[in-house]
Amino acid sequence: QVSGYLDDCTCDVETIDRFNNYRLFPRLQKLLESDYFRYYKVNLKRPCPFWNDISQCGRRDCAVKPCQSYSEVANNLIEECEQAERLGAVDESLSEETQKAVLQWTKHDDSSDSFCEADDIQSPDAEYVDLLLNPERYTGYKGPDAWKIWNVIYEENCFKPQTIKRPLNPLASGQGLCVEKRAFYRLISGLHASINVHLSARYLLQETWLEKKWGHNITEFQQRFDGILTEGEGPRRLKNLYFLYLIELRALSKVVPFFERPDFQLFTGNKVQDAENKMLLLEILHEIKSFPLHFDENSFFAGDKKEANKLKEDFRLHFRNISRIMDCVGCFKCRLWGKLQIQGLGTALKILFSEKLIANMPESGPSYEFHLTRQEIVSLFNAFGRL
């Protein structure tokens, strides 16, 4: 029953629940099931730029070489690895009709005023993936390799003062971080919490040769978020999840003018469906704009102009580095959702940093100062849908 002012933002649980459950989420879910938003182009074959020892257990096409032994322990490892291999595999099947459609989408996007193209989308290895066929859930990807990813993110990319040891929480230290650096840490922590909630909520509870039973793993959830079991860290993680939600909500409220322009379309080639989707999208965005508890970003980058510009560049470089770390995730399905949610958050930050550019956009014709690609739009709304 949290209410009032919570760290960097206001909080009223009843208002948020009512807003999500009755006014926002059902329409957002319908939008995300449409062809424009369900197909995400991603390159899952890029090598890790930082180290070579990626776990083979979570990768679809890798032999489980490290697990070849006849001992009981090794047999258990084989079983775990094979399960991770199955659950972490990405279902890359697209119908023939969809394959033809995405070729049209690419031609359409190439002819528009692309502003921030992801650097690997033009690669022959980049493919469209159906997000509805590949839901974010437990895959068996865990242990040292999974820990290594998050440790590198926190240790090297979250403005953590050098004197802070585990737990990796610069907010708990006596050293003050400026509001921008504190916010950056909280966004990454919130994303980590969000992913762990999804894995706990869609956990493989039972598997037989006939079916898989998915459901809530309460024990797993408590181990990550219970106040006593986590020595106070769990509730902070959930607060950071809420903080991330408000940041992305605020970004969506700020970007309304971009989607309102008559020239903008959610192009799939089906004119009737595209028009209906745009109408639904604008309904959702105007609903978000009416939300009464928006995060106030006016305190961000509001000090010395030179220092503010340096902080923005630091944000950009740190965030870009985190997106590159996603290529080191050893499970393809985890890598898919990691890439998508990082890009979605990066797009939200891009919007918040571009308020003046958005305000000065022409009502029609190309918008050269501010533009969102299809990839950014798809990742922005799917990442928000996860929250």
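The values are calculated or read from the model by the stated rules, or taken from the named source; none is laboratory data. The structure presented is a predicted model; accordingly, all values stated were derived computationally and were not measured. For neighbour counting, all protein chains shown are included, and Cβ atoms are generated from backbone atoms with ideal geometry for every residue, glycine included. Just so you know, the surface numbers come from the protein's heavy atoms only, side chains and all, with ligands and any DNA or RNA stripped out. Shrake-Rupley method; radii C 1.70, N 1.55, O 1.52, S 1.80 Å.
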Worksheet, complete the sentence: Inside the stretch 22-49, the number of residues satisfying the requirement of being over 21 Å from the mean Cα position of the chain (by Cα) and at pLDDT 85 or above is 0
Item to complete: Scan the stretch 2-21 and give yes if some residue there is at pLDDT below 50, surrounded by 14 or more Cβ atoms within 10 Å (Cβ to Cβ) and of a type in the set (A, V, I, L, M, F, W, C), otherwise no.
Response: no
Discussion item. Quick check on the stretch 346-367. Is at least one of its residues buried (at least 21 other Cβ atoms within 10 Å of the Cβ) and either without any contact (Cβ under 8 Å) to a residue 12 or more places away in the chain or in a loop (DSSP other than H, G, I, E, B) (or both)?
Written reply: yes
Discussion item. Being open to solvent by 60 Å² or more (accessible area, probe 1.4 Å) and over 15 Å from residue 32 (Cβ atoms) is the filter here; which residues of the stretch 368-387 pass it?
Written reply: 368, 369
Discussion item. Restricting to the stretch 122-150, name every residue that is open to solvent by 60 Å² or more (accessible area, probe 1.4 Å) and over 30 Å from residue 373 (Cβ atoms).
Written reply: 142, 144, 147, 148
Worksheet item: Which of the residues spanning the stretch 186-226 are charged (D, E, K, R) and open to solvent by 50 Å² or more (accessible area, probe 1.4 Å)?
Response: 202, 207, 211, 212, 213, 224, 226
Response to the item:
Cβ pairs under 6 Å, 6+ apart or interchain, first in the stretch 197-211 and under 30 Å from residue 236 (Cβ atoms) and without any contact (Cβ under 8 Å) to a residue 40 or more places away in the chain, second small (Gly, Ala, Ser) and open to solvent by less than 80 Å² (accessible area, probe 1.4 Å), ordered by first then second residue, are 205/215
Worksheet item: Pairs under 7 Å by beta carbon, first residue open to solvent by less than 20 Å² (accessible area, probe 1.4 Å) in the stretch 317-334, partner at pLDDT below 85 and small (Gly, Ala, Ser), six or more apart or different chains?
Response: 330/55; 330/58; 331/58; 331/84; 331/88; 333/88; 333/89
Worksheet item: Is it fair to say residue 94 is among the aliphatic types (A, V, I, L, M), modelled with pLDDT of 80 or more and closer than 28 Å to residue 373 by Cβ?
Response: no
Discussion item. So for the stretch 173-189 (the condition being modelled with pLDDT of 80 or more, over 26 Å from residue 319 (Cβ atoms) and not in a helix (DSSP H, G or I)), does at least one residue qualify?
Written reply: no
Worksheet entry | Qualifying positions in the stretch 190-222 - assigned to a helix (DSSP H, G or I) and farther than 13 Å from residue 139 by Cα | 190, 191, 192, 193, 194, 197, 218, 219, 220, 221, 222
Worksheet item: Can you spot a residue in the stretch 324-337 that is part of a helix (DSSP H, G or I) and small (Gly, Ala, Ser)?
Response: no
Worksheet item: Any idea which of 350, 333, 339 is charged (D, E, K, R) and within 16 Å of residue 246 (Cα to Cα)?
Response: 350
